[in-house]
Each structure stands twice: as C-alpha cells, then as structure tokens.
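Worksheet: one structure, shown below.
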Protein chains: 2
Amino acid sequence: MSPVEPPAQAEMTRRGLTRLFAPKSIAVVGASADPEKAGGALMTVLAGFPGAIYPINRSADMIGGKTAYPDVDSTPEPADLAIVAVPPSAVLGVLEQSAHAGVGAAVICTGGFAEAGEEGAALQHQIHELSRRTGLRVLGPNTSGFVAPWQLVHATFMPGVAELRPGHVAIIAQSGGVNLAASFMTAQRGLGLSLAVGIGNAVDVDFADVLDHVASDPTTHAVALHLEGVADGRRLMAAIRRTAAIKPVVAMKVGRSDIGEFAQSHTGAMVGDWAVAKAALEQAGAVVVENLTDLVDAVAVLSTTRMRPGARSGIGIVTGQAGPGLIITDALAAAGIDVPALLPETKSVIESLLPPLTYQANPVDTGRPGETFVEILQAVGNDPGIDGMIVYALQEHGTRDLVETLERDAHSLPPTVFVTGGPGAEIASQRAQLADKGIWTVDAPDRGAFAMDCLVTDARVRHLHAAAVDEHAGDQSTNRPGAEEAAMQIEGLTGHGNLDEAQGKAVLQAIGFATPRRVVCDETTDVEAAFVRLAKPVVVKLLDAEVTHKSAVGGVHLNVSTEADLQVALAATGAATSGTPRWLVEEQVGDGVELILGGVRDGSFGATVALGAGGTGVEWGQPPIVRTAPLTRAGAEEAVASMPPALLDAMGPSAVKELADLVHRLGALLATHPEVREIDVNPLRSTDQGLVALDAVIVLDDATGAGPERNQP
Amino acid sequence: MSPVEPPAQAEMTRRGLTRLFAPKSIAVVGASADPEKAGGALMTVLAGFPGAIYPINRSADMIGGKTAYPDVDSTPEPADLAIVAVPPSAVLGVLEQSAHAGVGAAVICTGGFAEAGEEGAALQHQIHELSRRTGLRVLGPNTSGFVAPWQLVHATFMPGVAELRPGHVAIIAQSGGVNLAASFMTAQRGLGLSLAVGIGNAVDVDFADVLDHVASDPTTHAVALHLEGVADGRRLMAAIRRTAAIKPVVAMKVGRSDIGEFAQSHTGAMVGDWAVAKAALEQAGAVVVENLTDLVDAVAVLSTTRMRPGARSGIGIVTGQAGPGLIITDALAAAGIDVPALLPETKSVIESLLPPLTYQANPVDTGRPGETFVEILQAVGNDPGIDGMIVYALQEHGTRDLVETLERDAHSLPPTVFVTGGPGAEIASQRAQLADKGIWTVDAPDRGAFAMDCLVTDARVRHLHAAAVDEHAGDQSTNRPGAEEAAMQIEGLTGHGNLDEAQGKAVLQAIGFATPRRVVCDETTDVEAAFVRLAKPVVVKLLDAEVTHKSAVGGVHLNVSTEADLQVALAATGAATSGTPRWLVEEQVGDGVELILGGVRDGSFGATVALGAGGTGVEWGQPPIVRTAPLTRAGAEEAVASMPPALLDAMGPSAVKELADLVHRLGALLATHPEVREIDVNPLRSTDQGLVALDAVIVLDDATGAGPERNQP
C-alpha cells in the first residue's frame, strides 16, 4: 500500500528488525513446564539462547529453571522480543501490554486469524492497527517463527532446529512449514543459515522488511524467497532490487496451477498470476526457480560463488568420465547456455597435457582424472571466453587428491561447480570444505547443470540491471517515449470506459505506432466520400466502443475494391448493430506475420505488457511473453528476444527492432497512465512497411487513478 | 538388426547372461599386484567375491594371495567370467583363448574402440564377429563394467563399489561412468541394487539382453535405463515391452539438444531424435524422465510400490503443514494429475477426526499431525476415488510416532509417498524401513510430487498397454485399417520417389482420408472442362511431383470463380514450371482449423507419425506430437488428446474423433508399407464437413523395402 520507502524509513525498519532477529532478551508468553505444550516446547528449543529468557505465566514462579513473571510488564527490563504462544483471543492483550512495556518485537506463532475466516481477519486487522500505532514490530501470526543460528535464537516450536548450524544462507518463506523444510534441506547440503523466517500472515513484518534486514546483514551471502500470494508486488520488487544489487536473491513462487481455494485457506492471500510474478521477480533481479529443491540448490550455490555480470556467460566443461559429461553438456545446451569453443592457445596447452584419445574441445574429456587434471582446469579457466566452469569426476583414489588440489588452487579458477559421484559420506565431508573456497559440489550431473544455470542467470540478471542503470543515467526523456503525446490524446477521454477503435488508434499513434490511413464516418455518405479518397482496397468496420469482437458479429468487411463491394459492406456492417451505425473506413494493409501486443494491470504487480504470436498463436501457440511495465529499452529488447526464434526469423531484424521499440513505448504509457486499465493491439502486423496496428482496444478506468493499480513504480 | 527374438532365443540369452552376471568363478586377465594399475584395482575390488578368482598374468606366480595362471586356458576349470584389463591390441587374442577354453562371458573394460576412430572400429567389429561365431558373451568394450551386489561381484575398477548394498533396483546404463554415478545416487537414497551395468559400446550384450535378464531376475523390482544413442530401437522397444509387463521400467534418453560431436566421440553412437525416442520408450511401456536425478528417484519409488493400472489415477493429499501441502498440490496440478473430491462419507469421517479450523477437502490439511493422523490417512485411502496418496509431515516428536504407526499400518493404505522435512539422519534411517513396507520417503515436497507423477505415469502406461492387448484380442482387421486398399494404390508406383499430389491423395483416400473433388489435367482444355464440371470456386494447382512447395513458387491459385480468373490462374501456374505444365483442378474447401499430419522413418525407431497445429503453428507454435507407428486405436486417441487443449476445443469432438481415426490409419499404412519413406498432409483442414486433406506429399523409396527402415514391428 505504501510507495517505495525512502532510505530513512528503510533504516528504521532495519533497526526494528534487529530487536526481532538479534534480541538480547526474550519473553516467552504462555511459557509452560509441560514440553508437550507449545509454550513448553519453546522453552526447550530456546535452551541454548545466551541472553535473558523471561517465561511469562500467571500461575508459575519458575519454569525450566528460570524465574517466571505474570506479564511482560513485570520483567526486570523490557524484553527485545516476545514470543507469543497463547490462544488467538488473548493475543491482542499481550501485544498491547508488550508495546506499553517497551518490548521491541513480537512473534505470533498462533494460527486462527485471516486464514480462518471473518472473525480471525478482524482480529488480525486489530493487530495490524496496533503495530502501526505503537511501532511494535510483529512477525506473523500463523507462522512457525524463525531461527537465527548465529544468535542462537530458535523462536519456533520445532525441536530439531537447534541442530541447524550458523552459515550464510537466509531463507524468507511465506509458510512456516516451508521455512523449516527449506532450512533442513539447506543443512543436508552441508550449509548453515544466517536467518530462516516464516512470514505467515504478514500483519506487519513482510518480505520487503526482512529483505532489507538481510541485505545489510554481513553474515548473509544469498537469500531464498518462498512466495505464495504477493500483497504488494511493487514494494517487494523494490526490496529485491535493493538486495540483489548487493547479494544474490533466489525466488520461488507457488501457484503455477489453479490452487486458489486451498491457498486462500492457508494464508488468506490470493495466489495471483504466476507468469506475471515470475517476470516481475526476474525484472527486479531475482533468480526465479520453480520448486523447493531448486530454491535450496540455487541459494546454496549462489551463497558460495557468483559469476561476473554478463549477457551470455561462457561455460567451460571438464569431465573425467564422458557419460556424465555428456549429460551436463546436454543439460546446459537445453538451458540455452553458451559452451564456447576454446582459443587455439588454450587447446594447445590442453593437448600437451592429455593423451590423444581424449576429446579436447569444450567439453574437455580427460578420461579418468590424472595428475594433470587441475592444470587442465586452469588452462580452461584462463581462456578469456570462459566465465565459469563445471567439472565432473567420479570419487576414486586419484580424485581424492584432486579435491585437495582443488581446495588449494580454487583461487586461480573462475567460479566452479564440481560434480562428483561416489560414496555419500565422502562427498558430504568435501562439500563444505570446497564451498568455503568458492567451489560448490553436487552429486548429480543434472544438478550441476542446474547450479551452473543459476550462476548464469544471476550474471544475466545483473547485466540487465547494469544496462538499466546506464540507460537511466542517459537521456531521461527516452525512458517515457511518447507519454506526453499520449496524455494529450487521453485527456478528456477519461471516464469513457472502452475507447472506440479510432480513439484507441489515435492514442497508439501518439506514442509511435503506425496505423492504417483511415476516416471516421457518421453517415453512409461519409463512407462513400472516404472510399473515393482512400487507396483501394479498403476495410469497412463498424465503429462502436462496446463491440470489442467486431469480426465475430460481422462488423468487419475486407477487400472492398468497388462501389458494389462498398454497398454490400455498408449493409452487412450496419446489420451488426442494433443502434445507429458509425464506421471506420481504412486502407487495407498487406499480408504479413501477425503479432499481439497488449497490457493489463495485475492485482499484485500492477502494469504489465504481453507480446506474442497473433492469429491462432494466441489460442494454441506458445504462451505470450509477459513483463511488468515500465521496461527499460534493454528489457524490451530482452522481452522480444524471448519470443519463438522462428517467429523472430519470419519477422526479420528490422521488425524485431521496431517491436522492441513499441514494447518500450507501450510499457511507458501503461506506467505513466494509471487510468489506462487495458490495451490490446491485436493484430499488430509485420508488413513490408514495418509494424502496423490493425486494431486497438483500450479500456480506461471510469475515474482516473481509481483503478486496480495500487502502486506505481 | 535382428527381428524380435522368439522365446527360445530369449531364454538362451538369459542363460548366457547368468554366467556373466552371476559367475561362480572369475578370471582377471591382466591381474596385477600393483593397486595403482587397473588389473590391481580389480583384484582389490573383487576381494569379497565368494567364488574362485583366477589372476591371469604371464610373469607372476601369486597375485593378492591367489595362484596366478599364464592364460585362461590354464585355469583348473573354465572361468564363468573373464574380466579383461589389457590394452586394446591384446583384447582379441584373449577373447579367442577364452572362447576356446569354454569361458562363458567376458567384460572388456578397456576403451579405444569404435569411440576412438576407424582402427578401433575395425577391432571392435572383429570382437563382434568372434562373439557371434563362438557364442562367447561380451560386455563392452569401453565400459566401467558391472556390479552384482547379491553375488558380491564387483567387476569394475572403482574401489567404492564394494560399499553398494544388495537390493531391488537394476541400472542399465550406456555409459560406465553414469552407471557408477547412478549406483551411488541410489545408495544415497537408502536403497540397494540387484545389478548395475555399463553397456559401453555394446559389441554383443545390449540393452535388450540385459533387460530380459533382469526381467526374469526375482531380486529386481524395477529397472532404470540410461540411453545415449539407440542402435536398434524396435529391438529395445520389444524388450522394454516384455519387461514392463512384469516390473516397472524407467528410461532417461540423453540428447535433448544438439550434442552430436561429443556424443559420437563417446560411444560412437548417433544420439538421434529425442522426441521420437521419448515417444517410443513410453509407447513400449517405460516411464520416461529427463535427467539422472529423476531417473534414480523414479526407479527408487517404483521399486518400492506400484499403483493399479489406470487412465487417470486419483491422488489423495494429506498434509500436516499447509505450506508444503500447497507446493505438492501445485506440482501435482502442473503435472496434470487428478486430485479428486472425496466422497461425502469420507468427508464426514475426516470431520469427526479433525478440529473445525483445518481444510478438509482434498488436500486434507490436518494441522500438526496429531493422534488421528493415521486414521485420516486410512479414511482418505479407503475413498474409492483414491488410487494413491501423498503425505506431508515435518519430523517432530509426534511425527516419529507417526512413522512407527505408518510402518505398522502400511498394508491398509494405497501406494503412498511420504514427504518429510527434518534432520537428515533421522529421515535416512526411516526411509529404508518404510520402503520395505511399500511407502517411499522423500525430503522435498516437489520431489514427493515427482515420485507420485512416476507412479501415475506407470499406472497410465500399463493401462494403455492393457487397452492395446484388448484391442489386439478383438477384430484383427481393425488394426491395419485401409492397408490393403493403400497397397493397391501404391502397387506399381514404387521406384517413383516423390508421388505427385494426385497420386498422394489417391493413397490417402484409399486409407480413409477425405479429399476435395478434383480432376487431373494434362492440357489447358482439360482444365477448362474440369472448371465447368466442378463446383466453384476451384483451386488450380501445378501438378508436379518434383515441386513440393507449390505455393512458394506461384503454383497454386485460389478462389477461381470465373472464366477470367481461370485464364489468369492457368498463365500464372504455367509460369511456375520450366517444363510442360500439368494441373490439378480441385473444388475449393471452406475455411477451418488447419492441422498437419505426417510420418517419417527415424534412424533408430523406424516409422513415426507426427500431428499438430498447421499454418504458423508449424513454424512457431507448440512442437508436434510424435509417436512410433503403428499405433493402437487407444494410442492414437491418446496422441490426439496430447495436442493443445484450445486446438482440440476449436476442432470440436467430432473432428477430434475423426483425427484419431486418421492417425490410426496413417500409422498402419507406415507400419505395413516400409517403401513409404515420408508422408505429409499439410494442411489437413477441419471443416464443417469433417477433416479434408488439402495437400499430400508422399515419398517412396527407390527400391521397395530398401529404405532406412531396418526393423519392422
């Protein structure tokens, strides 16, 4: 609901979260001596906390060997953090008292709020109000809490969390259960955590708050986000942008499919459009993955190493066994990753190190790793076309020496993923050692390729971000092309709902779209006059803002070349409306590849543009490319380049360039004109004379600015 | 190269492989006392073998405490198995001697054969000849060998393999390195192996041989295949079909991308068309996966449990935590898996077991697993719509009791996948216990969904197989519809190369395709006569078998309604050829959805059919659906149902049914007429009058039966 935070506000947030995530004292509200109760489990889990623990319980003097207090007001000092384990109906009172006592933050582990129906939602709203009014930071409700291993804070019921080691991965999950699942999956990969948080219903502390916190936390090297619904997409995007500039952010968004009802019951949040969320998160700078295993694997490798920014990073493959090397090569190719040819100098070094039977291109197949294996890695790594490497070697006697050498010489290699098969215990012990040196180890060739894909994606996302910064540093006026002209066209039209095709085309034309020569006709005599003036054949169309599918009702007549044709067209199109017909007469445009280009406003992420193949492609072709608006010029080019290669080939380079320009312009229009609810240019035809908008549907909000768009970029 | 084996031959093969995979005595040719040498490593790895070991070495008396022999002829008895670790040039001599001595089988671990160039290929061919001539079974060359843990046979150099436990998973990999990698990945999942084989260059023992061996091996419960190139696809399909009828087969085919050069250097095999291989393997009854992790996870779950055959299995989801449950629900939906509503009776049982706040539909969200958790599982499992279940519960104190209860009550549940997060060691110890009871445990929600997808796919593949058996048991004549009529049309045409459009349409018509009314015209006067006879408008086409893209060269004239139009059409189409023009004049068919339907012969798998959207869909739409031919009627329906849903909707149910019939007929034609090299019906238009073939390109082999098709089904 709020605009992008100014730095001062962000700083305050961070300070607030320090009392939450790095407390010196903790009050356990609802503490119990019974370990089967939530308040008892909490006392057990918190046993290792080095600061003061204040059990809060009206009827006990001592709990777990510690003096108990009747309420948060009675503790010797105000606790930094109150962990609240009381029934929903008692939560508000505890929070009031906490705020009054000077407690810094509260975690509400209890469920039964917005996810449980109207009564719970009302209660949750009161907590929200209290937090805003008093400044008490509140995590939850409906979360399993959080774990901060460096601080030995285990603010959750789950007993096993005390085993989670401190490390450099931060997890921010919407679901408390997923937070714990992801934490244990990270631990299984030999890595420790800097912070693992379940956001829950996010009555106060949300993703953006925690992102800003971990962005400035030096123990966090990479961040994993698990998202279900996103209440305020633009606020999230801004926080990701700030964080990703400093350290990698990986995001997984649930809801590829229609799972609305169950999701709603879970956190009370709508799941939203997955494709939009994916695009928005990537545009903000996150590496977006599709499932929890990928989330954990991605944040693991990115907490270990990171490649230099690049549009298309070049990867070197070195393998001790051909079969697994082939799987890696295949997977990288399927992911569209460059495995460039090596320089002749590099090849001759490799040739001097290997017997002639091995494959010495990229991939380099060394045969069983021998004594020269690390020298080969160094040769490949030194090739100027190589930004990162993936290495396969089975765990054999020689490989054990290899791991030692790798550890020693890792500093002379580019970011490297090491894939190895063999007895599990050996691999696990090596993994953490190599990770400390910036080499990430996985045990399956395909997972190695996935890890490399994450490094490449992170490098690409950073490159796009750098390009955007350069662009913004340049001429500002190029970033909102045609917006002023469009404003003049739209002015006076607001409140109209659907624009008619002529009005819509005027807006498109104002921002730089080519449109056919045309005449608006109120009378049949106007049509006849227009027919004489325009080049033949013409198209005669019914002009009616309320008829958005004109062709389907017979409102479009093509190939009108003669006076006789014209009379037929007039009669037919006139019959397609029950009111008094108006017409648009246009010069007919030659054949060409048909595209669609449009934009709508997403409930979570605001303005979006979509582009893709037109015609039957809209119905059963590849899904369109979606991006949030505005796009940078580089972002628009990237969006166009993501369309099917055969379609780009059919359009040709000049139309591809023109399309990127139009995507850029349309994005700017949507971003600067919140009163534009929807635009559809269908079809946009690629002709010999360039791209021409053959139809235009534009829908304005009834009252300017009061539409579904809640947050402007 | 050979046809499907008769049972007697298969039985002989199996006996041959028993001496290979379950030897009572082993000769190690090239044995060495130096553990750094291959022949030394082998002696170490074989230390646990309970049978006789005969080290073969010309210059040593004793190796590793065992009497050494100068050659395989000198051992006290002919060894069942010779493991050959000598340089390539010495291999042939060793094999000759082995065959002469009565050795049963040889493993050649050495590389340097077909994968290394012409000289190696010639040597390999000699080994092939020797094997065929003498009956000596040969595994390899260019393989890391095999592991048979039940028999304590570790016929490979890799030292760690002695740690691999006996169990119920069989691995058959083209690459020795992949075989070892997959074996250790299986072990990490807590499972043992019945057999793990690297096929290598497959000079004799191939996938089909080993499949038949493990099919009849009672210790094998499921089989994983890793394939690079496939030399003889039909032989492989037949072996998969035999095996999958008894136990699950999972297959991974390398080569989604163009990785030809490196692949060729690896095993000397061509990688082939991935989409064809995927379809063929599935049609044969395998569960096809895309990467090695998936291969191991799939064979793991399928070695534990298997669902009853079904076209669309219904899955119940029960979760102790909503967030991970949501991830599972989303992933199942994305995989197109049914999560059906529960019966009212089931719901009322669940209602009586759960507090009101939880979500009680399918998925059932229990909140933290309580005492009634297993009862809820039983209630869901008893619902008649539920064929399998996926369960999520975090590892907490209560969950440990749950695991014990699950173990005890597993017999009363349908096939179940148990997903649990928590400390790794605990999960690992539970996994094997639960697996023995038919419940497979994984630690990530998405991997749980994947395991369930494998069970569902296996059930679907078996259902399709059952439908095919029923079909074959029915009227045989329906399985090759129209084949005889087509034969009459094709007779006399062979040797012609490309058929012209009129000949092609006659063939299509013979097998049941509708085609436009048409007249073949040798002279312009014929065209004029035809124009009078046919309904207007007509299409005038150049008739020339050598011009396959008629439209592109101006050889097609549409909308010919008047005599004037006709003269223009004649002149234009005549100008499109340098020779004497002939014409095809056709009644023009009304508009409709455009499709393509065709068939080619794949180098590995023989006859295939392809179907998909026509028009621009061919170029930048969804990729076409590919299947090997012949298809069963059910298989043809399944292929059509795999097209984009919006396209099926646009066609309507009657055209969908008709298309399945035509796919069935086209498949039968391709399967029974090896002289037909290629067929393209582009477009096949879905009109008000049904599907009409508007064009037909048919290419025949120059000499009947001498085409690239090597193996008929």
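Readers should treat all values here as calculations from the given coordinates under stated rules, not as data from a laboratory. What you see is a predicted model; the values in this text were computed from it and never measured. Note that we place each Cβ from the backbone using ideal geometry, even for glycine, and neighbour counts take in every protein chain shown.
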Overall dimensions of the range B:517-588 as given by Cα atoms, namely Rg and Dmax in Å | 10.7, 30
Where along chain B is the Cβ that lies nearest the axis linking it to chain A, and how many Å separate them?
-> B:GLY621, 2
Phi-derived 3J(HN,Hα) across the range A:582-587 with the Karplus relation (6.51, -1.76, 1.60, θ = phi - 60°), rounded Hz, x for Gly and Pro, is 10, 10, 10, 10, 10, 5
For B:ALA251, distant residues with modelled amide H under 5 Å away | B:LEU225, B:VAL287, B:VAL288, B:VAL289
³J(HN,Hα) across the range A:534-543 via Karplus (A = 6.51, B = -1.76, C = 1.60, θ = phi - 60°), whole Hz, x for Gly/Pro?
-> 8, 5, 8, x, 10, 10, 9, 10, 5, 10
Enumerate the amide H contacts of B:ALA222 below 5 Å, restricted to partners 5 or more residues apart or on another chain; note that Pro and chain-start residues carry no placed amide H.
-> B:ALA170
Can you list the distances in nanometres, one decimal and ascending, from the A:GLY336 label point to the identical position in each other copy, with the point 7 Å along Cα to Cβ?
-> 2.4
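Under the Kirkwood approximation for Rh and a Cα-based Rg, what ratio Rg/Rh is obtained for the range A:305-469? If you can, show how the numbers build up before the last one.
Numbers: Rg = 14.9 Å, Rh = 15.7 Å.
Rounded to two decimals, Rg over Rh is 0.95.
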Under the definition of partner shielding as Cβ atoms of other protein chains within 10 Å of a residue Cβ, what is the mean value for peptide A:181-190?
-> 5
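Tell me the net charge near B:GLY598. Cut-off is 9 Å between Cβ atoms, B:GLY598 excluded, with +1 for each Lys or Arg and -1 for each Asp or Glu. Don't skip to the end; give the middle numbers.
On the way: positive: none; negative: B:GLU678, B:ASP680.
Every neighbour counted, the sum reads -2.
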Answer rounded, prolate or oblate for chain B, using the Cα gyration tensor with square roots of eigenvalues a ≥ b ≥ c: rounded when a/c is under 1.5, else prolate when a/b is larger than b/c, else oblate.
-> oblate
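Provide a whole-number value for the mean count of partner chain Cβ atoms within 10 Å of the Cβ atoms in peptide A:329-337. Mind dumping the intermediate values first?
Details: counts 6, 14, 7, 2, 5, 7, 2, 1, 0.
That average works out to 5.
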In whole angstrom, note down how far apart the Cα centers of the range A:32-48 and the range A:159-224 are.
-> 22 Å
Could you give me the ³J(HN,Hα) list for the range B:499-513, computed from phi with Karplus coefficients 6.51, -1.76, 1.60 and θ = phi - 60°, whole Hz, x at Gly and Pro?
-> 7, 7, 4, 5, 5, x, 5, 5, 5, 4, 4, 4, 9, x, 7
Would you mind listing the distances between the B:GLY65 label point and the same position in each other copy? Use 7 Å along Cα-to-C-beta, nm, one decimal, shortest first.
-> 5.3
Using modelled amide H (1.01 Å from N, peptide plane; none on Pro or chain starts), what sits under 5 Å from the amide H of B:GLY200, excluding residues fewer than 5 places away?
-> B:SER175, B:GLY176
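Percent antiparallel among DSSP beta bridges with both residues in the protein assembly as shown, to the nearest 5?
Values: 97 of 203 bridges.
Bridges in the protein assembly as shown that DSSP calls antiparallel: roughly 50 percent.
When the expected Rg is taken as 2.2 N^0.38 Å, what fraction or multiple of it is the alpha-carbon Rg of the protein assembly as shown?
Working: Rg = 35.0 Å, N = 1426, 2.2 N^0.38 = 34.8 Å.
Rg over 2.2 N^0.38 Å, computed on Cα atoms: 1.01.
Counting DSSP beta bridges in the range B:7-303, what percent are antiparallel, to the nearest 5? Each step should come with its number before you reach the end.
Numbers: 7 of 43 bridges.
Counting DSSP beta bridges with both partners in the range B:7-303, the antiparallel share is about 15 percent.
Take peptide B:611-620, look around each residue's Cβ out to 10 angstrom, count Cβ atoms belonging to other protein chains, and average those counts. Walk me through the numbers on the way to the answer.
Working: counts 0, 1, 5, 1, 4, 12, 8, 1, 10, 14.
Mean shielding count: 6.
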How high is the relative contact order of chain B, in percent, counting Cα pairs under 8 Å that sit 6 or more residues apart?
-> 9 percent
When the Cα centres of the range A:564-635 and the range B:519-540 are compared, how far apart do they sit, in Å?
-> 40 Å
Among the listed pairs A:LYS536/B:LYS541; A:LYS253/A:LYS505; B:LYS505/B:LYS536; A:LYS347/B:LYS253; A:LYS278/B:LYS347; B:LYS37/B:LYS278, which are separated by more than 32 Å between their Cα atoms?
-> A:LYS253/A:LYS505; A:LYS278/B:LYS347; B:LYS37/B:LYS278
Mind jotting down the distance between the C-alpha centroids of the range A:297-341 and the range A:351-406, whole Å?
-> 15 Å
Using a ≥ b ≥ c from the Cα gyration tensor of the range A:7-303 (square roots of the eigenvalues), is it rounded, prolate or oblate, where a/c under 1.5 gives rounded and otherwise the larger of a/b and b/c decides, a/b for prolate?
-> prolate
Normalised contact order of the range B:517-588, rounded percent, pairs of Cα under 8 Å and 6 or more residues apart | 50 percent
Charge sum, other residues only, whose C-beta stays under 15 Å from A:SER348's C-beta, Lys/Arg counted +1 and Asp/Glu -1 = -3
Would you order A:MET651, B:MET62, B:MET452, B:MET158 from fewest to most other beta-carbon atoms within 10 Å of each residue's own beta-carbon?
-> B:MET62, A:MET651, B:MET158, B:MET452
